[in-house]
Structure formats: structure tokens, C-alpha cells
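The next block holds one structure in the form of C-alpha cells; read it before the comments.
The values are calculated or read from the model by the stated rules, or taken from the named source; none is laboratory data. Because the structure is predicted, anything quoted here is derived from the model rather than measured. Backbone-built Cβ (ideal geometry, glycine too); neighbour counts: all protein chains shown. Just so you know, the surface numbers come from the protein's heavy atoms only, side chains and all, with ligands and any DNA or RNA stripped out. Shrake-Rupley method; radii C 1.70, N 1.55, O 1.52, S 1.80 Å.
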Amino acid sequence: QPAHDELMARYGGDDADLARALADAEQSELAETIRSAGLYNQKSEMIVDAAAEIVEEFGSEEGFDEFVRKGEPSEVRDRLLDIRGVGPKTADCVLLFSGGRGGVFPVDTHVQRISRRMGLAPADADHETVREHLERDVPAEKCGFGHTAMIQFGREYCSARKPACLDGPEACPLYDLCERVGVDEVSETVVDPAEAAGSASSMDG
């Protein structure tokens with residue numbers, strides 16, 4: 001957030017075309033502006049290149065925004081993924097938050113871990129498979145809330161190494177709704193859900 005605020009303060013004035021301003025930015029200056037975000041040299045290079053690509057194809061920030069808001073969602077997603085540095089989570093966040101598209105559920109590490117641990121997606125599901133399950137099962141108008149809520153839940157309760165359920169059922173508000181795949185409350189050990197599923201399969205065999 002601090003890096004974003006600094007970037008907007010320097011390049012996103014009231015009448016500024018942000019895409020053009022970033023395309024014309026001096027990379028070293030942009031890197032210094034977003035230093036608080038980490039990996040700022042790599043990120044600044046990608047931002048400048050992405051902005052230049054957007055200006056070349058869409059003409060302006062406004063033209064790109066219109067494409068994101070009104071283009072066919074799958075086409076917009078594919079085009080975003082073609083931009084160097086943009087992965088599935090970023091593309092889906094742009095669709096959801098900037099494009100106002102319901103039914104898009106961005107998947108980050110928290111969402112992937114919780115979905116597989118709770119049994120909302122297969123234990124060995126990759127990011128895309130988790131996304132498909134969540135977008136199928138979560139009402140479109142709840143996807144934005146679900147995304148942000150799961151991130152908060154992952155940070156406060158369902159961490160990778162020590163989920164709250166290890167402290168007892170009362171420690172987690174979703175205990176009764178969770179399959180706790182990969183969590184052994186007796187031995188207090190935690191493994192990746194895919195590893196737990198693989199072990200169960202080998203035992204069944």
C-alpha cells in the first residue's frame with residue numbers, strides 16, 4: 001500500500017494519464033518510488049514495459065480501463081496474462097476490483113492453502129483448479145468478499161505452519177466446517193494437503 005500510494009502521488013495526478021506517465025517514467029526513479037514494495041528494480045522494469053505496451057495498444061489509461069471493464073472477461077484475462085509480470089492472481093484481481101466483474105475469485109497462497117485444507121477443492125489442486133472450484137461454488141456477488149476474507153483468515157487463523165485448530169476447536173471460527181486436510185491435531189503436525197492426500201492413497205492401496 002505505501003508503494004502504491006507513493007506511485008500514485010508521483011505519477012497519478014488529477015489530470016495525468018497514468019499509463020503514459022509510467023511508460024515515460026525513468027526506471028530508476030520509479031524503482032526508488034516503489035522501494036517499500038521489495039524487488040523494486042524488477043517490478044519497476046515490468047511496470048514501465050507494461051505501461052508502454054498498454055499505451056501502444058489501447059492509446060491511454062482510459063482506453064485500457066474501458067477494455068478491462070467492458071471486454072469479454074476471458075479475452076481480458078488472456079490479454080492481461082500476456083503482459084510480462086502479470087500472473088493469474090494479478091489478472092483476476094484486475095478483473096474483480098478494477099473491472100468490477102462478479103464471479104472472479106483470485107487465488108493467492110492463502111486462498112489455495114485454505115481451500116485445499118478445508119476441502120473446498122481437491123487436496124492436490126493447483127491455483128487454476130482451486131479458482132475453478134471457488135468460482136463454481138461461490139455466488140458471483142460474494143467472490144470479492146470471499147477473496148479478501150480468506151486472505152485475512154489465512155493470516156489470522158489458518159497459517160501454513162500452525163493453524164489455529166491445533167490450539168483446539170474453540171480457537172478457529174470455522175472448525176466445524178473444515179476437513180483439516182493435512183492437519184493432525186493429535187500429533188500437532190501439519191503437511192501440505194497434497195502430501196496428506198498422497199499418503200492416504202498409498203495406505204488405501
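Element breakdown for region 52-154 at a 1.4 angstrom probe: carbon and sulfur atoms account for 51% of the accessible area.
To the nearest 20 Debye, how big is the dipole of the chain about its Cα centre, given +1 on the beta carbon of each Lys and Arg and -1 on that of each Asp and Glu? Could the numbers behind the result be given before it?
Numbers: 21 positive and 42 negative charges, 112 e Å.
Approximately 540 debye in magnitude.
Over region 1-106, the reciprocal of the mean inverse Cα-Cα separation, the Kirkwood hydrodynamic radius, stands at 14.2 Å. What FRET efficiency would be calculated for the residue pair residue 137, residue 28, taking the C-beta separation as r and a Förster radius of 45 Å, to the nearest 0.05? The computed FRET efficiency comes out at 0.45. Is the shape of region 95-205 rounded, prolate or oblate, going by the alpha carbon gyration tensor and its root eigenvalues a ≥ b ≥ c, with a/c under 1.5 for rounded and a/b larger than b/c for prolate? Taking the square roots of the gyration eigenvalues as a ≥ b ≥ c, region 95-205 is oblate.
Return a single number: how many Lys pairs in the chain, at a sequence separation of 8 or more or on separate chains, have alpha-carbon atoms below 27 angstrom apart.
Lysine pairs meeting the criterion: 5.
Positive-end ranking of 166, 99, 85 along the dipole of the chain, with charges on Cβ about the Cα centre, is headed by 166. Of the Cα atoms belonging to the chain, the radius of gyration and Dmax stand at 20.3, 66 Å. Just checking the listed ones, 12, 154, 103: in the Gaussian network model of the chain with Cα springs under 10 Å, the one fluctuating most is 12.
Over the chain, what relative contact order in percent results from Cα pairs under 8 Å that are six or more residues apart?
Values: 242 pairs, mean separation 28.1, N = 205.
Once normalised by length, the contact order is 14 percent.
Rounded to the nearest 10 square angstrom, residue 129 shows an accessible area of 40 square angstrom against a 1.4 Å probe. Counted as membrane-span-like here are DSSP H helices of the chain whose alpha-carbon atoms extend 18 Å or more along the helix's own axis and whose Kyte-Doolittle mean is -1.0 or above; these are 40-58, 143-156.
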